[in-house]
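J.: Input: one structure, supplied below.
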Amino acid sequence: MQPSEMVMNPKQVFLSVLIFGVAGLLLFMYLQVWIEEQHAGWGPVNYLQPIPGIMTREKIQEHITNQNTKFHLPEDPKGKKENLNSERPTRVLTETRHSQREDQSLGKTTGLPTTKLAEKRQRTKTLFKKFNEMNWPLDIRPLNKTLVQDNKWKKTDETQEKRRSFLQEFCKKYGGVSRPQSHLFHMVSRIYVEDKHKILYCEVPKAGCSNWKRILMVLNGLAPSTYNISHDAVHYGKHLKKLDGFDLKGIYTRLNTYTKAVFVRDPMERLVSAFRDKFEHPNSYYHPVFGKAIIKKYRPNACEEALNNGSGVQFKEFIHYLLDSHRPVGMDIHWEKVSKLCYPCLINYDFVGKFETLEEDANYFLQLIGAPKELKFPNFKDRHSSDERTNAQVVRQYLKDLTRTERQLIYDFYYLDYLMFNYTTPFL
């Protein structure tokens, strides 16, 4: 072939460029959909829409006005609390897509005798029926305190009982009685399992979860000390088991027999902490995935560099993204509501810890479950140790650039978390 014959004519060049361009566009669209699915889980959420199975803010406020019920209860053992008792609502679990795939796979199984296949299908259907008919035990189950060895935990225990009782009464009163449908495997997807001490821990990011995972790894015998476990080993090592990795029987048994714990944090502090961690430090994931999308939609006349690398997101821009019902990229667990991460009105948690008293609560919990005496909850920062911890004073510095309306909308977004865990609203 002569060199002159190897040169493509303009028409061929145009067609080649067109084909590659279309292929690139399709790949980009696929990746965008995949990223949104990974973070949104159930798609974009409009925070103004009613939450299934939970009364809306307006209905709760109306009910409070009609009943003259006082919600905020100070965590003072001597304080009296209003009785919020009502009829116990019934919770219903439904067969998930995960379970449906299992059932479909049974029909495709070859080599099993017909009778065994039928028996297996029947056992699956029976188990689903058991879940569907199960009344979730909303009454408080007393904590087993036989392993607590001294009296120094008396005040902590009184505070703990008050928290559990308040959450329980709130869920009985306002959790809804319309038999809401919940996907079981999704509902328990944030819960970590430690079988030796029979613990279920629901992960709430930015509320001490990294050090809690270190504790679980030590209890599992995966490390001799919490101080020997790196950040990457905690979050990317895949050493710990999650509850959604078990079959229905395994989930059911553990939910009803293990000690279930959740640790929460003031919603505004948790939000600011997440922003500082993910957007104010170099991050090879959050900047290109979230930062670029946020800057593109919420920053007029953004420079080319910011659009290309996603760095330098401002807190106000992040808040616009958070409150947008048509977000350019989905939600993330670091700023998702606790009510959607841990389902505290569907799963009856035995222990409710708070970040504000993290060490005290965590060490008391370790006593309750019979952990080794030498194991104490670590108090070091997992990353960015030179940064000041996010506290009320730091939060105010971030909120000063927001309007009062924007601050109110953030509160509205986390309204259920504020109510369920008895947090006040000092930042409004």
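Computed from the coordinates by the stated procedures, all read-outs in this text should not be read as laboratory data. The structure displayed is predicted, hence computed values, not measured ones. Don't worry about glycine lacking a Cβ; one is built from the backbone with ideal geometry, like all the others, and counts go over all protein chains shown.
J.: Positive end of the charge dipole of the range 269-323 (Lys, Arg +1 and Asp, Glu -1 on Cβ, about the Cα centre): tell me which of 271, 287, 322 has its Cα farthest that way.
T.: The residue sitting farthest along the positive end of the dipole is 322.
J.: So if we plug the beta-carbon distance of residue 409 and residue 239 into 1/(1 + (r/R0)^6) with R0 = 51 Å, what FRET efficiency do we get, rounded to 0.05?
T.: Given R0 = 51 Å and the Cβ-Cβ separation, E is 0.85.
J.: Here's a follow-up. Holding the Cα-Cα limit at 19 Å, pick out from 196/242; 213/376; 152/206 the pairs that are longer than that. If you can, show how the numbers build up before the last one.
T.: Details: 196/242 14 Å; 213/376 13 Å; 152/206 28 Å.
Violating the 19 Å Cα-Cα cut-off are 152/206.
J.: With an 8 Å cut-off on Cα pairs and a minimum separation of 6 or more residues, tell me the relative contact order of the range 161-276 in percent. If you can, show how the numbers build up before the last one.
T.: Working: 101 pairs, mean separation 38.2, N = 116.
Taking the mean separation of contacting Cα pairs over the length of the range 161-276, I get 33 percent.
J.: Mind pulling the per residue volume of the convex hull built on the Cα atoms of the range 156-314? Å³ is fine. Could the numbers behind the result be given before it?
T.: On the way: hull volume 28.7 nm³, N = 159.
That works out to 180 Å³ per residue.
J.: Can you give me the convex hull volume of the Cα atoms of the range 269-323, divided per residue and expressed in Å³?
T.: Per-residue hull volume (Cα only) is 67 Å³.
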